[in-house]
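Report on one structure; see the data block that follows.
The values are calculated or read from the model by the stated rules, or taken from the named source; none is laboratory data. What you see is a predicted model, and the numbers here were worked out from it, not measured in a lab. Cβ atoms come from the backbone with ideal geometry, glycine included; neighbour counts cover every protein chain shown.
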Amino acid sequence: MHDVTLVVNGVPRHARVPARRLLSDFLRHDIGLTGTHVGCEHGVCGACTVLLDGRPVRACLTFAVSVAGHEVTTVEGLADGDRLSPVQRAFAECHGLQCGFCTPGFLTTVTAFLRENPAPADDEVVEAVAGNLCRCTGYQNIVKSVHRAAELMAEEGP
Amino acid sequence: MTTRLFGEPVRRREDARLVAGNGRYLDDLGADALAVAFVRSPHAHARITGIDVDDAVDVEGLVAIYTWEDLPEGVREPLPLLIPHPALTHGRTAYCLAKDVVRHVGEPIVMVVAADRYIAEDVCERIHVSYEFLKPVVGLENAVEGPNLVHDDVPGNVGAHMVQEVAHRDGRAARDVIAAAPHTLEFRLDIERSACMPMEGKGVYARWDADDRSLRVYSSTQTSTSVRMAIAAKLGLPLPKVEVIAPDVGGGFGVKIVHPWPEEILVPWAARLLNREVKWTEDRREHFVSSAHERAQVQHVKVGFDDEGRVLGLDVEILHDHGAYTPYGIIVPIITSTQLLGPYKIGSYRVEFFSVYTNTVQVTPYRGAGRPQGVFCMERTMDKIAQYLGKDRTDVRAANFIQPDEFPYDQQMIFQDGRPLIYDSGDYPASLRKLKDLIGWDDFPAMQAEAAAEGRRIGIGVGCYVEGTGVGPYEGGHVQVTSDGRVHVSTGLTSQGQGHETVFAQIAATELGVPIEKVSVVTGDTRRFGYAVGTFASRAAVMSGNAIALACRKVKEKALRIAADALEADPADLEITDGMVHVVGAPSASIPLATVAVLSNPLRYAFDEEAKRATQFATSGSMDRPPVAEGQEPGLEGKDYYSPVRSTFASGMHAAIVETDPDTAEIRILRYAVVHDCGKMINPMLVEGQIHGGVAQGVGGALYEKMAYDEYGQLLNASFMDFLMPYVTEIPRIETDHLETPSPLNPLGIKGAGEAGVIPVSAVIAGAVEDAEKIVIDRMPISPSDLYALRDSSRTSGAVSLLRNTQ
């Protein structure tokens, strides 16, 4: 067993876990942040995507012990208190989600993407979300949501 | 002035919690529950000769190991056959845990309960099951031809055989009509397996309350009421002692309407036995090998037609692969058989299907539920007739359309609900006109020639369908206005992302004249509403939507009556706007609905300021009448049910332009157009969302998705690495247009929209690829490798103009 402390959404979180504990399970079951979802457990669907030191990673392909001491942002950490982030608001506004299960992975992926590319072209948006599966929306409104999020961020400033 | 929300693109009320990570899906519940894992069969067909747990029992954290031998009466019997049918002469269902024989890879054999899932899986690895191998039956034609049997007592592996026949109006049978027709065509079509693949698999979490002797179960299901009844029956519990709740569900698409899954019985049973919370969360591989698939069929088609392309007779024989068991009966092939007719007047029709056992995962409805196969058959037929006669493909379709003045149109068959297949309304010629405009059908030949001049191959395809939606028997709605002015709506059917909380709130707010913010909606919770059927067959909006509207009308009638007393007005002169009951044209003579709710419930005790108004010394009612009048009930609430005489028939037409790479045979969809008619739309934004998602699943089925079973019954692609679901890069922008022909069958005039998008896509893409390549496409899906091979074989057989040569 290992003592693992991560800084999750800005708060140090600790649990004593075996070496094989996946980061996704650590977040969901050891510290109770169930917003990160597990859709395939083999790194294909992207539902479990979280930001590790600001960059998207598959939490289901990462051992919690291997990222001890690092900063992790989950979907629960995207909002500013009660104020949803521009990406979250854009998805709601553009009907970019239906069942919502894959959504946390899209939100984290898009959040990181728009930080690097605040005014993306359409093909860049498609490329950015091309590693996440959604079975409900057909993606059209997800692409629209990303563009809308970029607009909101531009309007609201940093 | 009223609060108009019906028909508006109202934003979803579900989203605030879902985008914040505050959804409550099955595995988000029960943090302290014990975890379950299963030992599942690695073989497609084998007799279990022994189960050795000696290596497993010492694993720290193990709580219990169960095999079939451990199951009590009720739990040890085969699972129910949910939809019996006289044609299903040899229906067979599985056991919760395999008894003697396993019949597909993935069938559960041993249940392990442990402190967490890691440990439960460790234990599973240490349990050794020994087998005597039996010959597996894989592939439809092997099943009907071969000597090997999936079930010893099912000869020829045929579970069901059914014939429906509609004679020509002159009395001749379809086969006679075809034999005498001016032109005939005969061909075979093959459709592969796919599956629903919701992003969240199944899951069950159960809590036994030993003090109360009651059970609460959460299941990622499309029917909580029916799961509840199954659990109560199987575990011998009084129904009022069992509650089942569908929490947020991460997609269903059909697979979660099947019930009870073995886990839905085993997990509550273990929770009661152990007096501990127990949870099972399906992983992706389990979902591939132990849930359900759909689609696989082989169809043999004969058609006779005249010089205009009008179909005089159609004869279809279907081999339907239903896998190892038939818990959901033969709904899928029945739907294929009946919905095959689409928007057309077919002169005479004979359809025969054999539903066949194989040693593969069972087949139950997946979005579209047999319709994509039927539409593939009919639309390929229309394309072949057009090709044969040298006619435009849309002209041949138009020549066969049911006309707008011919509704209700009786197809003279029995539909999946056991009721006549009578179309209620539609306007197919108008839909086709809209579609041709949207895609630019008439301009396409010039575009194709231009592309050809550049060495590019493009093709266009079209597909039409009719979808029976809103099947019965019924749904109900309950609406309660509380003294704080809030409106609480509940219905028994469940939600898997469709946005029911939003559309049902729109209906209630519109009917009652209250702000939508005052309305809350609960679905799929048997604590709130106990009678329901479930969410499938594009029925939720039609069934529960109308039931909620009817319940609201009862509440409104009562509210106006009470308010009329208070305002000393005639109820007929009152209306409700923005939560205020007022005299029409005199807004000052008004009373809040909240106060009406207070007055509706005569009180003895005041618990707050508002409640004082309804207490016995405060009211001014007649001393000669009881406080609750005869035939009335306290409270401002109402319940009603909607039970339709038969289904309502939505329709639509799709067209696509594809480009095929002359070298690599890669297939790219350049444009995709949809015209859709689901009657009156409650929320056009959500209807469009349903269409987008359906088309995306259709594209998966048309180009990518198949279940690759080998001859031993091993599913070779049971992961998202190998089963190719479309990403954003595979889905074109979907252009949509709508037609609204209201249904005369229900008060709101609506038809279902959930499945529509997926239904014609394979047919449309096949037609488009055929047009681009001038090679006959008779199987789906078609991958680049398939197309490459088809090019090779058509070159060697010189079959470029194969369509005419088949005569």
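So the values come out like this:
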{"quantity": "Candidate set: segment A:118-153, residues that are among the small types (G, A, S) and exposed (fewer than 13 other Cβ atoms within 10 Å of the Cβ); chosen: the one nearest to the other protein chains (Cβ to nearest Cβ)", "calculated": "A:A121"}
{"quantity": "All positions within segment B:660-683 that are away from every other protein chain (no Cβ under 14 Å) and either touching a Leu at 6+ places or on another chain (Cβ under 7 Å) or part of a helix (DSSP H, G or I) (or both)", "calculated": "B:T660, B:A665, B:I667, B:V675, B:D677, B:K680"}
{"quantity": "Residue selected from segment A:65-77 under the condition in contact with a strand residue (DSSP E or B) (Cβ under 9 Å, 6 or more places away or on another chain) and over 23 Å from B:L26 (Cα atoms), by the criterion surrounded by the fewest Cβ atoms within 10 Å (Cβ to Cβ)", "calculated": "A:G69"}
{"quantity": "Qualifying positions in segment B:684-723 - part of a loop (DSSP other than H, G, I, E, B) and within 9 Å of chain A (Cβ to nearest Cβ)", "calculated": "B:S719, B:F720, B:M721"}
{"quantity": "From the options B:A763, B:A768, B:A753, residue that is touching a residue at least 60 places away in the same chain (Cβ under 8 Å), within 14 Å of chain A (Cβ to nearest Cβ) and either buried (at least 24 other Cβ atoms within 10 Å of the Cβ) or closer than 28 Å to B:D437 by Cβ (or both)", "calculated": "B:A753"}
{"quantity": "Whichever residue in segment A:29-70 is within 12 Å of another protein chain (Cβ to nearest Cβ) and of a type in the set (A, V, I, L, M) and, among such residues, is nearest to A:P104 (Cα to Cα)", "calculated": "A:A47"}
{"quantity": "Number of the exception - B:D209 against (1) under 30 Å from A:C136 (Cβ atoms); (2) free of Cβ contacts under 8 Å to residues at least 12 places away in the same chain", "calculated": "(1)"}
{"quantity": "Qualifying helices (runs of 4 or more DSSP H) (wholly inside segment B:360-463; at least 2 residues being of a type in the set (G, A, S) and out of contact with any helix residue (DSSP H, G or I) (no Cβ under 7 Å at 6 or more places or on another chain))", "calculated": "B:428-439, B:444-453"}
{"quantity": "Condition met for B:I127 (hydrophobic (A, V, I, L, M, F, W, C) and out of contact with any strand residue (DSSP E or B) (no Cβ under 9 Å at 6 or more places or on another chain))", "calculated": "no"}
{"quantity": "Matching residues in segment A:48-91 - criterion: being small (G, A, S) and at pLDDT below 95", "calculated": "A:G81"}
{"quantity": "Failed item in (1) outside any loop (DSSP other than H, G, I, E, B); (2) over 22 Å from the mean Cα position of the chain (by Cα); (3) in contact (Cβ under 8 Å) with a residue 12 or more places away in the chain, with B:P744 passing the rest", "calculated": "(1)"}
{"quantity": "Within segment A:3-55, tally of residues that are exposed (fewer than 14 other Cβ atoms within 10 Å of the Cβ) and not in a loop (DSSP other than H, G, I, E, B)", "calculated": "7"}
{"quantity": "Any hit, segment B:601-616, residues being within 28 Å of B:L550 (Cα to Cα) and at pLDDT 90 or above", "calculated": "yes"}
